[in-house]
Amino acid sequence: MAYDLLIKNGRIIDGSGRPAYHGDVAVAGGKIVEVGRLSGSARQTIEADGRAIAPGFVDNHCHYDAQVVWDPLCTYSCHHGSTTVIIGNCSLALAPVKAEAREKLAGMLSYVEAIPMDVLQAGVPWNWESFPQYMNAIGQRLGVNVGTLVGHSAVRLYAMGEECSDRAATDAELEVMRRLVRESIDAGALGLSITRNMNHFDIAGKRIPAACAPESELFALADVLREAGTGVIQCGGGTNPELKDRLLSRISEACGRPIMYNTLLEQARQPGRWREHLRHVEETAKQGIRAIPLCNPGSILNRFTMKNCQVFRSMPTWLPILQGPDAEKMRAYRNPEIRAKLRAEVDAPLGPDSTFSQRWDLMVVEEPKLAKNRGLAGKHIAEIAKAQGKHPVDAFLDLAVEEALETGFCLGEINMDTEAVAQILGSPYAVVGLTDGGAHVQFHSNVSNPTRLLGYWVREKKIMSLERAVQRLTFDSASAFGIYDRGLVQPGMVADLVVFDPDTVAPRKEDVVHDFPANGWRMRELAEGIHYTVVNGEVLLEKGEHTGAHPGRVLRNARYHASRNGGA
Ligand SMILES: [Zn+2]
């Protein structure tokens, strides 16, 4: 038989967790047709040369909702071996939207996910209103596959207009929301996204609409998925309500659909909490309930200046200053009375929604601006404060003010305890993912999660086998999100594949590129050791370079496929 694509002499890691084996993978009509020692001819042959051939990775938590419009490859997920990205998370989306509400909706994505507003204004054409229209618009030209979730904040804004963050919905408005979710699921959306993250605000400083919805509304929207008999739910900020009174378990039980929520992680803000969380999800799973936390292999490093900082936003005096204009920030940070309040709030006991751990030893001065401060580079605030005999807040703000808010800081307070991370990533009760690709474009996105898992955690730290790590990145994620035809290398599956070198795979050091609309800049993170990324049977990237192909498509839920195939 003549194949379209034949990948020869690989070490096949099929995504099931079973041991790797040597062989070839043959592709025809966009699907894997045979695996083993194969001799047929092919239009294109790739020599894997003993490297790993795995299913393409599924980047299950992204915010490429705007970027996908001007960057159909959704860089840089694909450079790390991802062939599918899932967007519309945490209740945020760019549809459905009425013309007069575009700015407000874009503002939520901009402020929560730290994507500059002028980039969105220049880059988003808004040639859609409904969610199905948005799906069709982005589907015109895609490098990778994109699965979509319909976002509760967008739906609530559409149904309630300007009052969407102020009050409960009327029965009529709730019916509109249910209709919008239904039409999205009917069009093939993979599910619905909601949020309980109370630290997510829009550009005017108001909590985003989905965070303002009462619990009864979440159940009413989830019930649309029960009626449809398909789809998943994703919840931003789910850990607190789940551990408090099992909110997500109850939603999942009520609608019979899986719910994936953020986030199971080790963080300095809440030492030891990850153990409690792991025990909880094991208990939930043993009851047969699918309320599943996402976890990730990244040690999130938050790079920021005090011009654009989200670290202290859980504190009432800090928040409006952080959101105000720079001149106002300078005035406030210089004011001794305000300073006293800022110190008191930072020193107050940590609450469940605290956004800062008080661990000044984890906050490093990365890039001082003035020559006289160069010696501070690489030092953390705790040691600087001690040397200067000041409170850390004063050492920190004095420096920021002296340098006109331009000092570059770096805070790493998440996933720093390797033993904890090893247990979390190995847990069968959690799904690995959560790169936040497309978000915090000027900080750090964790888009390198797959290559970090394979390079750092597997090769260097040996916390799990390569086969298990590939399973975590592929089959586990695809099946959790209802993508049933991808995530395994076996005949009949769609040919999303990655060829990588287990001996060299790793993220590269980040740099800055100016490739966003309106000459916007962002951090770029590429990878070592990813040789080919194949999407729907076509090579998308060869050694990190785009081949020019656009083989991606919008992924649709299982019920959509079944109805297209004659209602099986
Ligand atoms: Zn998110």
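The values are calculated or read from the model by the stated rules, or taken from the named source; none is laboratory data. Source: prediction; values computed, not measured. With ideal geometry, Cβ positions are generated from the backbone for all residues, glycine too; neighbour counts draw on all protein chains shown. Side chains are part of the model used for accessible areas, which takes the heavy atoms of the whole protein and leaves out ligands, DNA and RNA. Shrake-Rupley method; radii C 1.70, N 1.55, O 1.52, S 1.80 Å.
Distance between Cα centroids, the range 283-304 to the range 81-128: provide it in whole Å.
24
To the nearest 0.05, how large is the calculated FRET efficiency for residue 371 and residue 245 if R₀ is 51 Å and r is the Cβ-Cβ distance? If you can, show how the numbers build up before the last one.
On the way: r = 55 Å, r/R0 = 1.07.
Given R0 = 51 Å and the Cβ-Cβ separation, E is 0.40.
When a/c reaches 1.5 or more, the comparison of a/b and b/c decides; with that in mind, is the range 1-153 rounded, prolate or oblate per its Cα gyration tensor? Don't skip to the answer; put the middle values down first.
On the way: a/c = 3.13, a/b = 2.52, b/c = 1.24.
Since a/c reaches 1.5 and a/b is larger than b/c, the shape of the range 1-153 is classed as prolate.
Mind giving me the nanometre distance, one decimal, between the label points for residue 162 and residue 275, set 7 Å out from Cα along Cα→Cβ?
Output for this residue pair reads 5.3 nm.
Subtracting the Cα-Cα distance from 0.36 nm times the residue separation, let me have the gained length for residue 45 to residue 206 in nm, one decimal. Spell out each step's value before the answer.
Working: separation 161, 0.36 × 161 = 57.96 nm, distance 5.47 nm.
Gain in length upon complete extension: 52.5 nm.
Got a sec? Charge dipole of the range 432-568, +1 on Cβ for Lys and Arg, -1 for Asp and Glu; which of 526, 432, 550 is way out at the positive end?
The listed residue farthest towards the positive side: 432.
Please identify every one of the trypsin sites (Lys or Arg not before Pro) in the range 19-84 that sits in a loop by DSSP and has no more than 16 other beta carbons within 10 Å of its own beta carbon. Don't jump to the answer; show the numbers that get you there.
On the way: sites: 31, 37, 43, 51; in loops: 37, 51.
When the trypsin sites (Lys or Arg not before Pro) of the range 19-84 are filtered for loop state and at most 16 Cβ neighbours within 10 Å, 37 remain.
Could you give the distance between the Cα centres of the range 1-67 and the range 480-504, to the whole Å?
About 7 Å separates the Cα centre of the range 1-67 from the one of the range 480-504.
Under a straight-distance cross-link criterion of Cα-Cα below 26 Å, which lysines are reachable from residue 509, leaving out those fewer than 8 residues away in the same chain?
Once the sequence-local lysines are set aside, what remains near residue 509 is 307, 369, 379, 461, 462, 543.
Report, by chain and number, residues whose modeled amide H sits under 5 Å from the one on residue 540, excluding near sequence neighbours (fewer than 5 apart, same chain).
Distant-sequence amide H within range of residue 540: 533, 534, 535.
Tell me which residues come under 5 Å, amide H to amide H, from residue 188 once H is placed; ignore anything under 5 positions away on its chain.
Close amide H contacts, sequence-distant or interchain: 557.
Counting only DSSP beta bridges with both residues in the chain, tell me the antiparallel percent, nearest 5. Present the calculation step by step, with values, prior to reporting the outcome.
On the way: 43 of 77 bridges.
Taking every DSSP beta bridge within the chain, about 55 percent pair in antiparallel fashion.
Work out from phi, with θ = phi - 60° and the Karplus expression 6.51 cos²θ - 1.76 cosθ + 1.60, the ³J(HN,Hα) of each residue of the range 516-528, listed in order in whole Hz, and give x for Gly and Pro.
Ordered by residue, 3J(HN,Hα) equals 9, x, 6, 6, x, 10, 7, 7, 10, 10, 9, 10, 9 Hz.
Using a basic spin-label model with each label point 7 Å from the Cα along Cα→Cβ, how many nm lie between residue 461 and residue 484?
So the two model labels end up 3.5 nm from each other.
Where the accessible area of the range 453-568 is counted over protein heavy atoms with a 1.4 Å probe, how much of it, in %, is carbon and sulfur?
Numbers: 2360 of 5020 Å².
Within the range 453-568, the accessible surface is 47 percent carbon and sulfur.
With θ set to phi - 60° and the Karplus curve 6.51 cos²θ - 1.76 cosθ + 1.60, what are the ³J(HN,Hα) couplings of the range 546-559 in order, to the nearest whole Hz, using x for Gly and Pro?
5, 7, x, 6, 10, x, x, 8, 6, 7, 10, 5, 4, 5
From the phi angles alone, apply the Karplus equation (6.51, -1.76, 1.60; θ = phi - 60°) to the range 39-48 and give each ³J(HN,Hα) in whole Hz, x where the residue is Gly or Pro.
10, x, 7, 8, 4, 9, 10, 10, 8, 7
Between the alpha-carbon centers of the range 390-412 and the range 329-351, tell me the distance in whole angstrom.
What the calculation gives is 13 Å, centre to centre.
For the chain, what is the accessible area per residue in Å², given a 1.4 Å probe and the full set of protein chains? Working shown, then result.
Details: 21240 Å² over 568 residues.
Roughly 37 Å² per residue, with all protein chains present.
Pull out the extension gain between residue 340 and residue 136, defined as 0.36 nm times the separation in residues minus the alpha carbon to alpha carbon distance; nm, one decimal.
On the way: separation 204, 0.36 × 204 = 73.44 nm, distance 5.32 nm.
Length difference between fully extended and current span is 68.1 nm.
Taking a ≥ b ≥ c as the square roots of the Cα gyration tensor eigenvalues, with a/c under 1.5 meaning rounded and otherwise prolate when a/b beats b/c, else oblate, which class fits the range 286-428?
Details: a/c = 2.30, a/b = 1.69, b/c = 1.36.
Note, shape of the range 286-428 comes out prolate.
Using helices alone, what [θ] at 222 nm do you get for the chain, with -39,500 (n - 2.57) per DSSP H run of 4 or more residues, divided over all residues and rounded to the nearest 500? Display every interim value, and only then the final one.
Details: 21 runs with 185 residues, N = 568.
The helix contribution divided over the chain gives -9000 deg cm²/dmol.
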